[in-house]
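Please read the structure below before turning to the comments.
The values are calculated or read from the model by the stated rules, or taken from the named source; none is laboratory data. Quantities reported herein were computed from a predicted structural model and do not represent experimental measurements. Positions of Cβ are generated from backbone atoms using ideal geometry, with glycine treated the same way; all protein chains shown enter the neighbour counts. Surface areas here come from the heavy atoms of the whole protein model, side chains and all, with no ligands, DNA or RNA. Shrake-Rupley method; radii C 1.70, N 1.55, O 1.52, S 1.80 Å.
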4 protein chains.
Amino acid sequence: MAGRLSVIGVMGPAETATVLDLSRAYQLGVAIAEQGWVLLTGGRQAGVMAAASQGAKAAGGLTLGILPGGDGAEAAEGVDIAIVTDLGQARNNINVLTADVTIACGMGLGTASEIALALKAGKQVILLADAPEAACFFQGLAGDRLKVVATVEAALDWVKAILHELQTGPRPRH
Amino acid sequence: MAGRLSVIGVMGPAETATVLDLSRAYQLGVAIAEQGWVLLTGGRQAGVMAAASQGAKAAGGLTLGILPGGDGAEAAEGVDIAIVTDLGQARNNINVLTADVTIACGMGLGTASEIALALKAGKQVILLADAPEAACFFQGLAGDRLKVVATVEAALDWVKAILHELQTGPRPRH
Amino acid sequence: MAGRLSVIGVMGPAETATVLDLSRAYQLGVAIAEQGWVLLTGGRQAGVMAAASQGAKAAGGLTLGILPGGDGAEAAEGVDIAIVTDLGQARNNINVLTADVTIACGMGLGTASEIALALKAGKQVILLADAPEAACFFQGLAGDRLKVVATVEAALDWVKAILHELQTGPRPRH
Amino acid sequence: MAGRLSVIGVMGPAETATVLDLSRAYQLGVAIAEQGWVLLTGGRQAGVMAAASQGAKAAGGLTLGILPGGDGAEAAEGVDIAIVTDLGQARNNINVLTADVTIACGMGLGTASEIALALKAGKQVILLADAPEAACFFQGLAGDRLKVVATVEAALDWVKAILHELQTGPRPRH
């Protein structure tokens, strides 16, 4: 392997994830693996975390799970490397600082904290959720650093654009 | 002193605080001190953190500042006890877990993360900000655990009610 | 109250504390309160943490407990202000960064981590324990920044000297 | 890839590492990669962290760096996946909770904190360092959960034995 691997975070609700959230998370996991990127999730055997990890593993990818608890046993089946933080929800900040790009897939209170922390750290976030209030709220605070999309494909297009920008510096503005 | 002290968190923007945010933060600090409660803020010499601490000190109160950096020198003048975390924004979770009640005074990305983390922890939050998008978004996620108020007085009424509930258990519902 | 309060940390074993550790911790708590300093401990209802807090309260002092868990209910009876971190043992770093001076009263694995972290942060540490291996090990790594003492009185003399140095800058060396 | 990967932590001094520490760290990195294990270090471009990562990469392995700062730019060249914690030395607890086995290669204050935290968490630690005071001190606190070795080969033998024990449960005692 040569050089630092790109890490893409997929964040989303656990027990309250919808069927659509889970389907999108799985597809995101597949696509991230197919691109050769590392998938990062919150790591638990629940909701979007588990679905994205399962998708990435189905496509032969590498998966990280940043666990809130103090024991690796809580990791989802699809997690290759369990980072055991014992930090509770404070680990959400590690999720977004570690991911080169964060995708919010669905919405919940933990996800909301991650979007806020990622934007606070100056990062761009992709929102794939039927959550117009979230879009309105976070775009009011962070402008177009929040990319609101309606499909997995559109999310991936933004991931590619943001990774390109990170590797080459910001595009010139005329 | 007898028994655990009540700790009230006042969270809000730093450099982007409005004049109204600062005025309300100062008044909240005064009122919290007058009630004999301990004021908790993010501790830095900026915005709502500094204004609330200054108000509490003017009224003879006791103030905690939960600092993000690794050196107590960044503490606001009005902070009596600086908790030096060196955790960056991960310290936001400590703010809301430590406060018996959290008041969001104004809005920003750090404040948004604190509201999300407090509600995620099952706590009640008081929102004193001209931020209808925030109210809409967080009430959609947490229902009436987010109390939206328009005045310092209304915020204090909710603090008293929530503290009473914490000390006596939830009120019966008929 | 005027200006930042001095915070003195008393660290030591929980369930494995000896009777001598507990007696010294209680006396340290009393003395810290009598000096008008704030006592900081790890906050739980066990061992040195509980004994020091009890001593400080008996002498009318103010006590902080930096809790490892996510719920204030684990705080010792003598804790006035419970800082709820939910960080597990990662909170040990907050203990030593927050304390102006750290006293290790007795020895255990948690205490060892706190001595190491305090010295790593460039701080001075007072060791009051019948632990010659600890003294030898940490003095080998940090020289005379580890002060080894045999009595509560000697520990307090060092606290005063270190606080004086912090407030006035290091003493000149001829 | 199938199932959770084994993660081996190599901890040791940064700027104060000796030539022997660096040589051993490099060899440990090589051996860990050859076994198909993931290498975990503190991630910075310094001392034992950098040498172990370089060794693992030379042998085609996969490397994690758990960084103390808030920016991945501080990662060592040999780090494939940079976990950006922004936790300062509090990240030491993540290092040892995440590693299935921790090897202390050389000695310093950060390393001492990691040994203490790993043993505190109930884990076994391998000490490969010319540090009899450390061996004496930590064995006094944790007994034979600290394995003291003099060669890279002996360290690897212990890693294999501990991983085997973790996968099969503790060996029966007659």
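Structure notes:
- Derived scalar couplings between HN and Hα for region D:144-154 equal 7, 6, 9, 9, 9, 10, 10, 9, 4, 5, 5 Hz in order, rounded to whole Hz, by the Karplus curve 6.51 cos²θ - 1.76 cosθ + 1.60 (θ = phi - 60°), x for Gly and Pro.
- Rounded to the nearest 100, the interface formed by chains A and C buries 300 square angstrom of accessible surface, both chains summed, with a 1.4 Å probe.
- In nanometres and ascending order, the distances from the A:R145 label point to those of the other copies are 2.7, 3.5, 4.2 (point 7 Å from Cα along Cα→Cβ).
- Remark: mean inter-chain Cβ contacts per residue of B:101-113 equal 4, using a 10 Å Cβ-Cβ cutoff to other protein chain atoms.
- The rotation axis taking chain D to chain B passes closest to the C-beta of one chain D residue; that residue and the distance in whole Å read D:L87, 3.
- Positive-end residue of D:T111, D:G60, D:G169, charge dipole of chain D with Cβ unit charges: D:G169
- Note that region B:12-21 has calculated 3J(HN,Hα) couplings of x, x, 8, 5, 9, 4, 8, 4, 5, 4 Hz, one per residue in order, obtained from phi through the Karplus relation 6.51 cos²θ - 1.76 cosθ + 1.60 (θ = phi - 60°); glycine and proline are x.
- For region A:1-79 versus region C:1-62, the gap between their alpha-carbon centres in whole angstrom: 45
- Beta bridges per DSSP, both residues in chain B: antiparallel share near 5 percent.
- Among A:I103, A:I83, A:I115, the residue with the largest mean-square fluctuation in a Gaussian network model of chain A, with springs joining Cα atoms closer than 10 Å, is A:I83.
- Cut-off 10 Å between beta-carbons: net charge of the residues surrounding C:R4, Lys and Arg +1, Asp and Glu -1: -3
- Contact with the other protein chains removes 40 Å² or more of accessible area, compared with the isolated chain and a 1.4 Å probe, from these residues of region B:29-71: B:L62.
- Residues of region A:114-160 whose accessible area, computed with a 1.4 Å probe over protein heavy atoms, drops by at least 40 Å² once all protein chains are present relative to their chain alone are A:A116, A:L117, A:K120, A:E133, A:F137, A:L141.
- Probe 1.4 Å, accessible area per residue of chain B, Å²: 37
- Copy-to-copy label distances for C:E77, where each label lies 7 Å from Cα along Cα-to-Cβ, are 4.2, 5.1, 6.2 nm in order of increasing length.
- For A:Q45, the residues 5 or more places off, or on other chains, whose built amide H falls under 5 Å of its own are A:A76.
- Residues along region D:1-24 losing 10 Å² or more of accessible surface when the other protein chains are present rather than the chain by itself (probe 1.4 Å): D:M1, D:G3, D:R4, D:L5, D:V7
- Region B:33-174 shape via C-alpha gyration tensor axes, a/c threshold 1.5: prolate
- Global geometry of region D:53-98, whether rounded, prolate or oblate, following the gyration tensor of its Cα atoms and the 1.5 cut on a/c: oblate
- Cα gyration tensor, the protein assembly as shown - rounded (a/c under 1.5), prolate or oblate: oblate
- Extension reserve of the D:V149-D:E34 stretch, reckoned as 0.36 nm per residue once the Cα distance is removed: 39.4 nm
- In a reduced charge model with +1 at each Lys and Arg Cβ and -1 at each Asp and Glu Cβ, region C:10-131 shows a dipole moment near 260 debye about its Cα centre.
- Antiparallel DSSP beta bridges within the protein assembly as shown, percent to nearest 5: 5
- Here C:E34 yields copy-to-copy label distances, from shortest upward, of 3.9, 6.4, 7.5 nm, the label point defined as 7 Å from Cα along Cα to C-beta.
- A simple packing score, the average count of other Cβ atoms within 10 Å per residue, orders the peptides C:12-18, D:48-54 as D:48-54, C:12-18, with the highest score first.
- Accessible carbon and sulfur surface of the protein assembly as shown relative to its total accessible area, %, 1.4 Å: 51
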